[in-house]
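Below is one structure, written out as structure tokens, with a few remarks after it.
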Amino acid sequence: MTAFTVDGGRRTDGTIRVQGAKNSVLPILAATLLIHNKSVIHNCPPLGDVDAALKILVKLGCVCVNDHQSVIVDATDVANYEIPKTLMHEMRSSVLFLGAIISRMGRAVITSPGGCELGPRPIDLHLSSLKQCGVNVREEEGTLFCSAPNGLHGATIKLPFPSVGATENIMIAVAVSKGTTVIYGAAKEPEISDLADFLNAAGAKISGAGSDTVIIEGVKSLHSTEHKVIPDRIVAATYLSAAAITGGRVCLKEARPEYYLSVLKVFEQMGCTLTGKGQELTLCAREPLRGVSTLVTRAYPGFPTDAGPLLVPVLCRAEGESRITETIFENRFRFVEQLRYFGADININGRTATVIGRPLLAATVDCTDLRGGTALVLAALAASGRSFIREVHHIKRGYYDLPGCLSALGCEVKEVEIDGSHTAEKEEITP
Ligand code: UD1
């Protein structure tokens with residue numbers, strides 16, 4: 001079994017380039033299906049989720065070449081319209097392919113993505129929006145049969161919640177369509193703007209991306225294009241958290257701090273010093289960190305739900321009592337049970353976690369999900385002794401070589417093969 005070992009207690013001190021954004025790459029890869037030609041996507045990190053997306057594209061008939069930083073997708077000969085259950089289950093974001101497949105093939109068959117480790121993740125907003133654009137949807141025993149016999153057409157869509165995935169699915173579905181679509185209440189995440197930039201570079205007519213009203217004038221076809229994906233703001237927040245929790249320093253290259261101002265504000269509240277020039281950003285930690293009691297996750301530009309778990313271990317090392325409230329996903333705090341093996345003092349009441357600062361001790365723990373798993377690695381960086389982090393396939397979905405990147409910053413993190421029965425430290429501390 002693959003695991004990470006972390007020898008805690010070392011401060012970060014170094015410079016690192018932020019990888020391309022997973023949450024930009026995935027919808028952009030789905031959107032390449034619309035182009036009857038080659039798309040070249042640069043700054044595409046080699047991640048578990050990217051592999052899963054490429055498998056779907058290949059299954060649908062694309063030829064994909066992945067050189068581990070750039071991906072070429074040739075969608076000239078797309079011939080299938082069905083995503084098999086196994087691929088749907090590999091990555092919940094496979095629902096992002098729905099609009100693209102219907103647009104390209106006139107129909108799509110996918111299995112309902114169902115729940116995930118963060119709780120139930122319905123796709124009602126995706127489906128009701130696509131229906132408004134001319135898609136028929138029939139569900140039979142967990143399989144969705146979708147078709148647009150007369151092609152997709154423009155619509156006025158009002159999203160009751162700014163769903164990132166639904167906004168992206170609609171944009172992709174109607175980029176090539178008859179008429180104009182207006183999305184009110186759209187998600188405003190930077191990854192939405194990146195998707196719009198990719199589609200516009202290919203000939204789409206999308207305006208307003210990044211605001212709550214996105215206008216898509218359908219075009220007849222898209223053409224071949226190249227696109228460089230924006231940096232990953234959650235990965236940036238991960239390195240900043242590593243510096244904060246170890247009392248260290250980190251300089252991020254290709255940082256794009258404007259994408260995560262809400263996160264930077266929290267580090268400043270904790271007493272960290274942030275300095276920046278151009279696309280570089282440096283964080284120097286304060287010791288001890290100050291606790292924060294007003295952290296609430298929100299849709300962009302609020303504090304991102306994906307960064308919430310990263311801050312929890314950092315708050316474990318801050319003075320006094322801190323509080324963080326999660327408003328987007330029900331099961332975001334599942335990893336907290338594992339965090340308690342480090343000796344963390346965390347009380348969960350509904351959607352709010354109350355964290356009391358105290359020293360952390362090494363532990364053997366299991367990742368429950370991508371960001372929760374990363375939170376465990378961060379805790380281990382600050383815990384005295386050697387920790388074992390298992391089930392790291394969750395982390396590999398969204399981070400390229402996290403052990404190598406943290407080691408380059410001066411931490412001791414290694415990827416190792418361990419016996420599945422390894423439970424050493426876990427038995428010593430009972431949460
Ligand atoms: C995307 C991100 C994920 C991030 C999330 C919120 C990708 C690949 N993933 O996920 O990392 O945590 O945004 O910033 O970009 N909902 C419904 N019905 C729907 C759609 C969503 O009820 O049809 C609910 C979800 O259950 C969830 C909330 O809305 O509670 C947010 O979902 P959404 O914004 O759609 O997130 P994702 O696109 O799944």
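Would you tally the residues in region 226-243 being open to solvent by 20 Å² or more (accessible area, probe 1.4 Å) and among the hydroxyl-bearing types (Ser, Thr, Tyr)?
Count: 0.
Tell me, please, whether a residue that is closer than 24 Å to residue 21 by Cα and surrounded by 20 or more Cβ atoms within 10 Å (Cβ to Cβ) can be found in region 102-117.
yes
Any idea which residue in region 95-154 is nearest to residue 52 (Cα to Cα), counting only those that are within 16 Å of the ligand (Cβ to nearest atom) and of a type in the set (Asp, Glu)?
117
Can you pull out the residues in region 264-282 that are touching a residue at least 24 places away in the same chain (Cβ under 8 Å) and either under 23 Å from residue 228 (Cβ atoms) or touching a Ser or Thr at 6+ places or on another chain (Cβ under 7 Å) (or both)?
Residues satisfying the conditions are 279, 280, 281, 282.
Which residue out of 202, 173 is open to solvent by less than 10 Å² (accessible area, probe 1.4 Å) and over 23 Å from residue 232 (Cβ atoms)?
173
So residue 197 ticks every box in (1) at pLDDT 95 or above; (2) over 24 Å from residue 281 (Cβ atoms); (3) surrounded by fewer than 24 Cβ atoms within 10 Å (Cβ to Cβ) but one. Which box is left unticked?
Here residue 197 clears every test but (2).
Having 2 or more residues that are more than 12 Å from the ligand (Cβ to nearest atom) and within 22 Å of the chain's Cα centre (by Cα) is the bar; report the strands (runs of 3 or more DSSP E) wholly within region 157-269 that clear it.
225-228, 249-253
The values are calculated or read from the model by the stated rules, or taken from the named source; none is laboratory data. None of the values given here were measured: they were computed from a predicted structure. Every residue, glycine among them, receives a Cβ derived from its backbone with ideal geometry; neighbour counts consider all protein chains shown. For the accessible areas, the whole protein counts, side chains as well, though only heavy atoms, and no ligand, DNA or RNA atoms are used. Shrake-Rupley method; radii C 1.70, N 1.55, O 1.52, S 1.80 Å.
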